[in-house]
Each structure stands twice: as structure tokens, then as C-alpha cells.
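Reviewing the structure listed below.
No value in this document is a laboratory result; all are computed from the given coordinates. The structure displayed is predicted, hence computed values, not measured ones. So basically every Cβ, Gly included, is an ideal-geometry build from the backbone, and we count neighbours across all protein chains shown.
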Amino acid sequence: MTNEELNFELAKEIKCERENTVRILKLIIIADDRRVALERGYKDSFAWLVQEHKYSPSAARRRVFVAKLLRDVPSIEKMLEDGTVNLTTLAQVQSMIRTQEMKSRQKVPLDTKLQAVVRIEGLNAFDAEQALMDLLPENISNVKRESLVAIDACTGRLSINLSNEALADLKRAKEIFAHAIPDRDSGKIVARSLKELVERHDPLKKTPRASAADAHRATRLQLYLRENGQCDFIDPMTGHRCEERALLERDHIHPRALGGDDSLANGRMLCRAHNQYMSEKIFGKKIANLWRKQRRI
């Protein structure tokens with residue numbers, strides 16, 4: 001099987017998986033109507049799915065929530081099959097609708113549910129939640145002030161509200177410090193960023209130095225700027241460019257081991273995974289893995 005055939009087969013199976021998911025949701029709706037869970041001796045569909053059908057609690061909860069939403073908004077069937085929405089974000093919509101109804105003591109109108117589904121197309125869980133706040137305002141947290149509590153003699157836990165701009169800075173800081181802080185723990189990132197402000201350490205905002213003593217570092221920075229801090233690997237079949245912006249490594253297009261030079265024209269920035277992938281393609285897995293182990297020593 002070629003890589004293209006593998007990709008085609010995977011796409012076909014994913015399509016089948018999405019169609020099967022819709023069928024499962026429809027069966028859950030029918031089961032709810034027929035009170036199958038109660039008949040089988042379970043208190044609700046959630047317990048039935050977990051205990052009899054061996055779903056994890058989180059997976060069962062998502063399916064129960066989305067089945068309820070599908071009952072009211074049948075149009076999500078096509079969206080699920082196309083992959084423009086997923087179970088996680090749809091379950092989030094239903095959860096927010098339930099919170100809205102419980103706090104307001106009023107049913108959420110059908111047109112509002114339709115608007116909610118349309119708004120979350122293509123969004124991740126966090127962005128989806130923000131997009132729905134004005135539609136379902138009862139979900140907005142009442143906690144506005146920051147709080148600080150002691151965890152132990154050396155550590156405190158700080159709860160704060162951050163603007164979208166500040167959250168973007170935090171995300172960027174995680175990318176910048178990914179080598180130094182591999183687990184990208186927010187607490188560690190914030191602690192370091194308080195000492196070394198993001199603006200001072202973001203390579204995209206620096207001017208490359210061209211001194212002879214620092215030629216390698218200057219070339220790497222020029223490559224980083226040229227590629228706008230993003231992996232330069234592009235799928236030749238689809239034209240899709242890797243979106244990774246963390247753990248970028250300098251790569252020689254024509255390897256030095258095969259006579260390549262250190263010029264800017266012969267360089268590019270690749271994420272760690274694509275750098276390893278290109279080494280494996282050129283030299284084979286055994287040699288590429290050996291080089292990577294030597295670099296870690």
C-alpha cells in the first residue's frame with residue numbers, strides 16, 4: 001500500500017466512522033423515547049452506555065448530550081458527517097444550553113440553538129465557548145476577581161482572568177520556550193516570562209546579527225524570520241504546509257554529510273518531527289535515529 005492509498009483508505013474509514021457516530025446518536029434518541037435504559041435496569045442512558053456498552057464516562061456523556069441536541073437540530077447530522085463540527089464542541093453547546101435553561105428557568109428557543117450550532121463550525125472547544133457567550137449569557141462566570149491560595153510553604157495558586165491578547169501571548173511563550181520547558185506547563189511559562197518578557201525573547205521581533213563569530217546563530221535567526229517562525233515542510237501532493245511553530249530546528253536542504261553548505265539558500269526551519277522525517281527519508285531510520293541519540297547526549 002502506497003502512502004497515497006493509505007491516506008485514501010484512512011479518509012474513507014473516517015467518513016464511515018462519522019456516519020456510524022450519527023447512527024449511534026439516532027439509536028440513542030430512539031432508546032430514550034422507548035425508555036430502554038430504564039427497561040434494562042439503568043437509571044438513565046448515561047449509565048446504560050457506560051455500564052452495558054462500555055463507553056468511558058466522558059464519551060458516554062458527549063453522546064447523550066449530542067443526541068439531545070440532534071433531536072432539536074437535525075441539521076447537525078450533515079455537519080457531523082462532513083466533519084465541520086465534532087462531538088466535543090456539540091456536547092459543549094448542549095451543556096451550555098442546559099446551563100442557560102436551568103439558570104434562566106426558560107427554554108432556549110430553537111432558533112437560538114440553530115445559531116449556536118452555526119457559530120461553532122470549525123472552532124475548538126475554547127473558541128466555541130467564547131463564541132456562544134452572548135447567545136447563552138447565563139454561562140458567563142460570576143467570578144470576576146483574582147484569587148490567591150496557598151498550596152504549600154513554597155507554592156501558591158493564582159486564579160486570574162486573561163484577555164484574548166494575553167492568552168495569545170501565553171500560547172506564543174509556550175512555543176518560544178518549548179525546548180527549555182518541554183511539558184509547556186503554564187505555571188512554569190508564566191514564572192519564566194515574568195523574568196524574561198516575551199517581547200525581548202521572541203525571535204520574530206529580533207534583528208539578526210551578522211558578525212563572523214556568530215554566523216551560525218545569525219543564519220538560523222534569518223531562516224526563522226524568513227519562514228515567519230513556522231515549519232517549512234510542505235506536502236508536495238496537496239501543498240499543505242505544516243503549522244507547527246514550536247521546537248523548530250535548522251535543516252540543510254542538501255545535507256552537509258552529502259556536501260551541502262551552511263548558506264542561507266541551503267537552509268530551512270523544520271519542526272522536530274519533520275526534521276527527523278527528512279533525515280529518515282535521506283539516510284534511513286537507523287542512521288537518523290543514531291544521530292538524534294548522539295545530539296541528546
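Angle between the Cα long axis of helix 272-283 and the longest principal axis of the chain, 0 to 90 degrees, nearest 10? Helix 272-283 and the main axis of the chain meet at about 60 degrees.
Label separation (residue 8 vs residue 111): 4.7 nm, computed from points 7 Å beyond Cα along the C-beta direction.
With a simple spin-label model that places each label point 7 Å from the Cα along the Cα-to-Cβ direction, the separation between residue 162 and residue 126 comes to 0.7 nm. Taking Lys and Arg as +1 and Asp and Glu as -1, the other residues whose beta-carbon sits under 14 Å from that of residue 13 total -2.
Of the peptides 215-228, 152-165, 99-112, the order by per-residue mean of other Cβ atoms within 10 Å, starting with the highest, comes out as 215-228, 99-112, 152-165.
Label separation (residue 84 vs residue 266): 4.9 nm, computed from points 7 Å beyond Cα along the C-beta direction.
Round to the nearest 0.05 the FRET efficiency obtained for residue 35 and residue 149 when R0 = 51 Å and r is the Cβ-Cβ distance. About 0.65, to the nearest 0.05. Counting only alpha carbon atoms, the long axis of helix 164-176 and the longest principal axis of the chain meet at about 50°. 3J(HN,Hα) couplings calculated from phi for the stretch 234-240 with the Karplus curve 6.51 cos²θ - 1.76 cosθ + 1.60 (θ = phi - 60°) are, in sequence order, 10, 5, x, 7, 10, x, 6 Hz; Gly and Pro show x.
Could you state the angle between the C-alpha long axis of helix 3-34 and the longest principal axis of the C-alpha atoms of the chain, as a value from 0 to 90 degrees rounded to the nearest 10? With both axes taken from Cα atoms, the answer is about 20 degrees.
As a rough guide to protection, the peptides 252-263, 65-76, 237-248 ranked by mean Cβ packing within 10 Å, highest first, stand as 65-76, 237-248, 252-263.
In the list (1) 142; (2) 232; (3) 166, the label attached to volume of the Cα convex hull per residue in Å³ as derived from the coordinates here is (2). When you restrict to C-alpha pairs under 8 Å that are six or more residues apart and normalise by the size of the stretch 3-139, the relative contact order lands at 20 percent.
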